[in-house]
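A.B. asks: Attaching a single structure in C-alpha cells format; questions to follow.
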Amino acid sequence: MIEAREIFYASRAQLVVRKFGAGGPAMARPVGIDWHYDRADPWAITMRISGTEHVYRFARELLDRGRVEPVGADGHVFVQPLLSQWIEVTVRCACGSCSQVALLSFEHSEIDTVLDATKQLVPLGAEADQFDEAAVDAELARIAYGVA
C-alpha cells in the first residue's frame with residue numbers, strides 16, 4: 001500500500017455513441033480516458049473522456065466485478081466482460097434532450113491496471129477503514145446543528 005492521497009491514470013478505449021431510438025450505423029472511434037481515484041471517497045472511481053466535459057463517477061466495485069460478470073444493469077453504468085480480451089462500460093444518459101448511450105470498450109489489461117493502481121491506495125474491501133468516524137460525526141453535527 002502506498003501513502004498517496006489520490007491517483008490519476010490515462011488509458012485508451014473505443015467509443016460508440018448511440019441515441020435512444022435512432023437507427024443507422026454507429027462508428028467506433030478511439031478516445032482517451034482519464035481515471036481518477038481519491039482515498040477521500042474510496043468507494044468511487046471517476047472516468048473522464050479526454051478533451052470533453054463528460055465525467056462519470058461510479059462504484060469501483062462495479063468496475064472490478066464487471067471484469068468477470070455483467071453488473072449494473074439497473075443503473076446508469078453497466079459493465080460487462082466481452083470475450084476474454086475486452087471489457088465494455090456502457091453509460092446511459094437520459095437527461096432532458098440528451099438521450100444517448102455511450103459504449104466504451106477497454107482492453108481487459110487496461111482495466112486491470114487501473115484497478116491495481118487503486119488497490120495500492122485502498123485494497124478492495126478496506127474502504128471503510130479510510131474514515132475517521134469521530135470526524136464524520138463532528139462534521140454531520142456541524143452541518144445539522146451548526147455545532148462548532
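A.B. asks: Between helix 133-145 and the chain, what is the angle of the helix's C-alpha long axis to the longest principal axis, kept within 0 to 90° and rounded to the nearest 10?
C.D. replies: 90 degrees
A.B. asks: Could you work out which residue, out of 54, 76, 36, moves most in a Gaussian network model of the chain, that is, has the largest mean-square fluctuation with Cα springs under 10 Å?
C.D. replies: Most flexible of the set in this elastic network: 54.
A.B. asks: Pairing the Cα long axis of helix 108-121 with the longest principal axis of the chain, what angle in degrees results, from 0 to 90 and rounded to the nearest 10?
C.D. replies: Helix 108-121 and the main axis of the chain meet at about 10 degrees.
A.B. asks: Which loop-located GluC sites (Glu not before Pro) does the stretch 44-138 contain, where loop means any DSSP state but H, G, I, E or B and the Cβ has at most 16 other Cβ atoms within 10 Å? Kindly include the intermediate steps, with their values, before the conclusion.
C.D. replies: On the way: sites: 53, 61, 88, 107, 110, 127, 133; in loops: 53.
Loop-located and lightly packed - 53.
A.B. asks: Further question: Just to check I understand the Karplus step: with θ = phi - 60° and J = 6.51 cos²θ - 1.76 cosθ + 1.60, what whole-Hz values come out for the stretch 74-90, glycine and proline as x?
C.D. replies: Once θ is set to phi - 60°, the couplings for the stretch 74-90 become 8, x, 7, 10, 10, 10, 8, x, 10, 6, 9, 9, 10, 10, 10, 10, 9 Hz.
A.B. asks: Which FRET efficiency, nearest 0.05, do residue 10 and residue 144 yield, Cβ-Cβ r, R0 30 Å? Before the final figure, lay out each step's value.
C.D. replies: Working: r = 40 Å, r/R0 = 1.33.
The calculated FRET efficiency here is 0.15.
A.B. asks: Only Lys, Arg, Asp and Glu count, each charged at its Cβ (+1, +1, -1, -1), so figure out the dipole size of the chain about its Cα centre, rounded to 20 debye.
C.D. replies: 820 debye
A.B. asks: Once phi is turned into ³J(HN,Hα) by the Karplus curve 6.51 cos²θ - 1.76 cosθ + 1.60 with θ = phi - 60°, what whole-Hz value does each residue of the stretch 41-50 show in order, with x for glycine and proline?
C.D. replies: 10, x, 8, 10, 10, 10, 10, 10, 7, 3
A.B. asks: With n ≥ 4 as the cut-off for DSSP H runs, can you work out [θ] at 222 nm for the chain, using -39500 (n - 2.57) per run divided by the number of residues, rounded to the nearest 500?
C.D. replies: Using -39500 (n - 2.57) per qualifying helix, the result is -6500 deg cm²/dmol.
A.B. asks: So what J values fall out for the stretch 29-40 if you push phi through Karplus, 6.51 cos²θ - 1.76 cosθ + 1.60 with θ = phi - 60°, rounded to Hz, Gly and Pro as x?
C.D. replies: 9, x, 9, x, 10, 10, 9, 9, 9, 10, 4, 5
Read-outs: derived from the displayed coordinates by stated rules, not from any lab. As the structure is a computational prediction, the values presented were derived from the model and not from experiment. Quick reminder, even Gly has a Cβ in these numbers, built from the backbone with ideal geometry, and neighbours come from all protein chains shown.
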